[in-house]
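The values are calculated or read from the model by the stated rules, or taken from the named source; none is laboratory data. All values derive from a computational prediction rather than experimental measurement. Positions of Cβ are backbone-derived with ideal geometry, glycine not excepted, and every protein chain shown enters the neighbour counts. In case anyone asks, the SASA skips ligands and DNA or RNA and just uses the protein heavy atoms, side chains included. Shrake-Rupley method; radii C 1.70, N 1.55, O 1.52, S 1.80 Å.
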Amino acid sequence: LLSAQFIRLICLAGLIALPIGYMASAFFLYSFAYRISFGVGSLLLCFGFLLLIGGLTISLLVYRAALANPVKSLRTE
């Protein structure tokens, strides 16, 4: 359940950032003499990396929390 909430937030951030990044990079690339174009595939690849990094981070934190000894945290409180 915790991972699903974070994945939703990552997807929301991607949906907001990808169109802005596409427009900014298109504007930036338009200023060069030799123009190149990039398609939707590169944006989907970036979104995939975003999900991969977010998923790895979430799974690492969940793994560390699962291995933590609850007695140590209760002892300090």
For the chain, give the percent of accessible area contributed by carbon and sulfur heavy atoms, probe 1.4 Å, rounded to a whole number.
76 percent
A correct Karplus calculation of ³J(HN,Hα) over the range 7-20, with 6.51 cos²θ - 1.76 cosθ + 1.60, θ = phi - 60°, whole Hz and x for Gly and Pro, returns 5, 4, 5, 5, 5, 4, 5, x, 5, 7, 7, 5, x, 5
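Could you compute the FRET efficiency for S3 and S37, with r as their C-beta to C-beta distance and R0 at 30 Å, rounded to 0.05? Before the final figure, lay out each step's value.
On the way: r = 36 Å, r/R0 = 1.20.
Efficiency, rounded to the nearest 0.05: 0.25.
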Theoretical FRET efficiency, 1/(1+(r/R0)^6), r = Cβ-Cβ of I16 and R75, R0 30 Å, to 0.05:
0.10
How far is it, in nm, from the label point at F49 to the one at A66 when both lie 7 Å from their Cα along the line to the Cβ?
2.8 nm
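How many Å² of accessible area per residue for the range 1-56, probe 1.4 Å? Can you show the working numbers first?
On the way: 4620 Å² over 56 residues.
Heavy-atom SASA per residue in the range 1-56 reads 82 Å².
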Taking the 0 to 90 degree range and rounding to the nearest ten, how far is the long axis of helix 40-67 tilted relative to the main principal axis of the chain, both from C-alpha atoms?
10 degrees
Using 5 Å bins from zero, what percent of all Cα-Cα pairs in the chain falls into each bin?
3, 12, 17, 15, 13, 10, 9, 7, 5, 4, 3, 2, 1, 0
